[in-house]
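Notes follow once the structure below has been shown.
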Ligand code: SF4
């Protein structure tokens, strides 16, 4: 049955907190910074109840209750278009016997507010997603946070503000922390330690999205909490370390095993590990070993294609964007997929995961062979993407050259005692120390135009985003038609839904 806009319970149940713009919120991951998320006064002492009932949130509830999308994000809601539900049913949560009275009363109140379409609510969120920032201990080859880190520091959530919200958190069903790497960011680490040391929060499911390397720093606190680890692991052993630069397979595997030993001794046993595997070209040969290792430990497993949102050095790692390159550089790619699928099929608990990986494999085959009328490459998507990537490399080399020229020019002017404000701000952005003040001058026409070069690089990124969107829309519609024809409309991989 198709979803309706007014079925969305998120504004009554879910709160995402982001550090950008000094603190902002959203009711679902589609409301993300820089556009879409609502600002809030994390530093000015607004309480969580005030944030949850802020004018923006009330406006959102009113718009959903009346079935008239007020915000652009809701007008183009991907969940509405591609998913079969907006999240767990509130009635299912209420019927869970393991929950505390606080949690059940809160869920009942949220359900009642949702049913009445109330814009102001007495209930608190049932689900939290706390994104602590983009800092990380690793430098993974496919990470799309890298550009964000280079361009600006988004800051982090205020731990002092969060730890005053104990009364709200104890009424929640799930609290999820993420980053960057939340165990690397100081406020994230403080929050995790505080949460895991807090007896009153024991009944709340606590999910940590992590690369797993720093887990040993909080392991002693994990006992007796409902902790789920959502761990990003994309390959096995040495191949893992080539992708997750700075990581250690041994430390990671030891951490997971230590967690499983704690889980063994805990009754009732409500601790989980889920592996999130991003498929990359480098990691592909290690996929069968990763799946064997996962199966030995009976861990949860989820696969996703690497996403290209902008041109990065690791563009060629994306199989879906660059399938012919994959075929050329990993000639046995099909065998590796089939071998991994077969390992999964032999395990009763991984039947769904086998189907999921097979769906991704089918998608690659379809793109490469232009099956099922996908015709994705008929308009030369891969070649156009690749040409843009090459252009970017040339532009970046030019940019680095200009940067060096500017640096020399500025050092020269500075030696002469001439101060050039425009140049100084540019140089500060390149990490040069502040210049001594001297005689003020303006940029001379002989100094290369940095900003124009930056604009050109940005224009390339826009072109990529546009191209990618065209491709996604095309594939999503083809995939839906194929799904409808085969009666498997819900096999559309999530990446295609964005
Ligand atoms: S974007 Fe979609 S999921 Fe998010 S609040 Fe709007 S309708 Fe709900």
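Since every read-out is calculated from the coordinates, none of them should be taken as a lab result. Everything quoted here is computed from the prediction, not taken from an experiment. FYI the Cβ positions are ideal-geometry reconstructions off the backbone, even for glycines, and counts take in every protein chain you see.
Given contacts defined as C-alpha pairs under 8 Å and at least six residues apart, what's the relative contact order of region 15-85, whole-number percent? The normalised contact order for region 15-85 reaches 22 percent. Taking the fewest neighbouring Cβ atoms within 10 Å as the starting point, the ordered list for 7, 234 is 7, 234. Shape analysis of region 1-128 based on the Cα gyration tensor places the equivalent ellipsoid semi-axes at 22, 20, 13 Å, largest first. For region 1-69, the Kirkwood hydrodynamic radius comes to 12.5 Å, computed from all pairs of different C-alpha atoms. With the gyration tensor restricted to C-alpha atoms of region 196-297, the semi-axes of the equivalent ellipsoid amount to 27, 13, 11 Å, longest first. Annotation: the residues 159, 303, sorted from fewest to most other C-beta atoms within 10 Å of their own C-beta, follow the order 159, 303.
One equal scatterer on each Cα of region 225-375, no solvent, Debye formula: the resulting log10 I(q)/I(0) at q = 0.14, 0.20 Å⁻¹ is -0.72, -1.31. In region 175-272, Cα pairs under 8 Å separated by at least six residues give a relative contact order of 26 percent.
Taking the inverse of the average 1/r across all pairs of different Cα atoms in region 142-254, what Kirkwood radius in Å do you get? Each step should come with its number before you reach the end.
Values: mean 1/r = 0.0654 Å⁻¹.
Radius from the Kirkwood sum: 15.3 Å.
Across region 248-349, C-alpha contacts under 8 Å between residues 6 or more apart give a mean separation that, scaled by the residue count, equals a relative contact order of 28 percent. Counting other Cβ atoms within 10 Å as a rough exposure proxy, the listed residues 98, 187, 6 run 98, 6, 187 from fewest neighbours to most.
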